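Written out below as structure tokens is the structure these notes cover.
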Amino acid sequence: MSEALELVSATKSFGGWLKRYRHQSRTLGCEMIFAIYLPPQAQDGTVPLLWWLSGLTCTDENFMQKAGAHRVAAELGMAIVCPDTSPRGTELPGEDESYDFGSGAGFYINATREPWSRHYHMYDYVTRELPELVQANFPLNGQESISGHSMGGHGAFICALKNPGRYASVSAFAPIANPVNCPWGEKAFSGYLGEDRDQWKNWDTVELIRAHGFDQGLLVDQGDADNFLKDGQLRPEALEEACAAAGVQLTLRLQPGYDHSYFFIATFIEDHLRYHARHLGV
Ligand SMILES: N[C@@H](CCC(=O)N[C@@H](CSC=O)C(=O)NCC(=O)O)C(=O)O
């Protein structure tokens, strides 16, 4: 085990282990905690990895505690890593003032605007630093897929779209599909990137699909009783239009009666895990 990782906790779950680690991130310039679920199969060999990117207000803990993913991950022999959702404790003014900007709201992008550009490089953290760290320290076979919820669904999509072929598969629950055209995205992108909306397009799923297409499929579950859908934060219709125009294979399942919560995620997570397992060859 690398000296750079400090074990915070270890909890046995479905024959595997949920472990939380603290480390000093060179990318973010602060201390970070991430969680990893290691299935029983990781005790005897290497296993593939699913990245889970969580939504606004979350830490590494929400998914691991609420999604009920461990039973199926243990059966499939799949590790899951949950990063935190932003740098922490940077002491930037306003960092903790709102739930949808700053702490807990890194949006998985690289900020270019001061002062956020000093720490808020979550895209580099989740696509470079953390993958190198976990690959070096855990029995992983190098195969990865990615998924996430809401802000994390947006994160999963931009990571996959900006790195074609890297992830065996990508899926999302209620993703913020078109942040350049919704209140959450407009607030975050103007704060982190400044007022040049052309720069925002580099971090927007719909715009990336329009500009570059995508050769892999996208799986999305969306509850039709989701308040944030009604508020225009998620815009699956824009994703549908962009995919249709670019010939991208989108499976968008509108799930009647489900809201935006982890009860929705827990209901459909098994389906997503099995989808990723098929693409990861397990
Ligand atoms: N607290 C906010 C709503 C925050 C919220 O609903 N966060 C979601 C993700 S939303 C998009 O990224 C979440 O996953 N929350 C954590 C959980 O465990 O449910 C408000 O006041 O409306």
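The values are calculated or read from the model by the stated rules, or taken from the named source; none is laboratory data. Note that the structure is predicted; figures quoted are calculated from it, not measured. For neighbour counting, all protein chains shown are included, and Cβ atoms are generated from backbone atoms with ideal geometry for every residue, glycine included.
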Residue match in region 156-165 (condition: of a type outside the set (Ser, Thr, Tyr), part of a helix (DSSP H, G or I), within 16 Å of the ligand (Cβ to nearest atom) and in contact with an Asp or Glu (Cβ under 8 Å, 6 or more places away or on another chain)) | yes
Under 8 Å between Cβ atoms, at least 6 apart or on separate chains: pull out the pairs that start in region 37-63 with a residue that is hydroxyl-bearing (Ser, Thr, Tyr) and end on any residue that is in a helix (DSSP H, G or I).
-> TYR37/MET64; TYR37/HIS70; TYR37/ALA73; SER54/ASN62; SER54/PHE63; SER54/MET151; SER54/GLY152
Using the structure shown, decide if VAL126 is within 16 Å of the ligand (Cβ to nearest atom), in a helix (DSSP H, G or I), of a type in the set (A, V, I, L, M) and in contact with a helix residue (DSSP H, G or I) (Cβ under 9 Å, 6 or more places away or on another chain).
-> yes
Going through region 262-282 in order, the residues found to be of a type outside the set (A, V, I, L, M, F, W, C), in contact with a strand residue (DSSP E or B) (Cβ under 7 Å, 6 or more places away or on another chain) and within 16 Å of the ligand (Cβ to nearest atom) are HIS272
Return a yes/no flag: does region 198-208 have any residue that is more than 15 Å from the ligand (Cβ to nearest atom), out of contact with any helix residue (DSSP H, G or I) (no Cβ under 8 Å at 6 or more places or on another chain) and either at pLDDT 95 or above or not in a helix (DSSP H, G or I) (or both).
-> yes
Answer yes or no: is there a residue in region 95-102 that is more than 30 Å from PRO179 (Cα to Cα) and either polar (S, T, N, Q) or touching a strand residue (DSSP E or B) at 6+ places or on another chain (Cβ under 6 Å) (or both).
-> no
Is there a residue being within 14 Å of the ligand (Cβ to nearest atom) and outside any loop (DSSP other than H, G, I, E, B) anywhere in region 106-121?
-> no
Please work out which residue is nearest to the ligand (Cβ to nearest atom), limiting yourself to region 44-94 and to residues that are surrounded by fewer than 20 Cβ atoms within 10 Å (Cβ to Cβ) and among the β-branched types (Val, Ile, Thr).
-> THR57
Give region 174-188 a look and list any residue that's within 11 Å of the ligand (Cβ to nearest atom), among the hydrophobic types (A, V, I, L, M, F, W, C) and either in a helix (DSSP H, G or I) or at pLDDT below 95 (or both), or say none.
-> TRP184, ALA188
With respect to TRP203, is the statement that it is of a type in the set (Phe, Trp, Tyr), touching a Pro at 6+ places or on another chain (Cβ under 8 Å) and closer than 20 Å to TYR123 by Cβ true?
-> yes
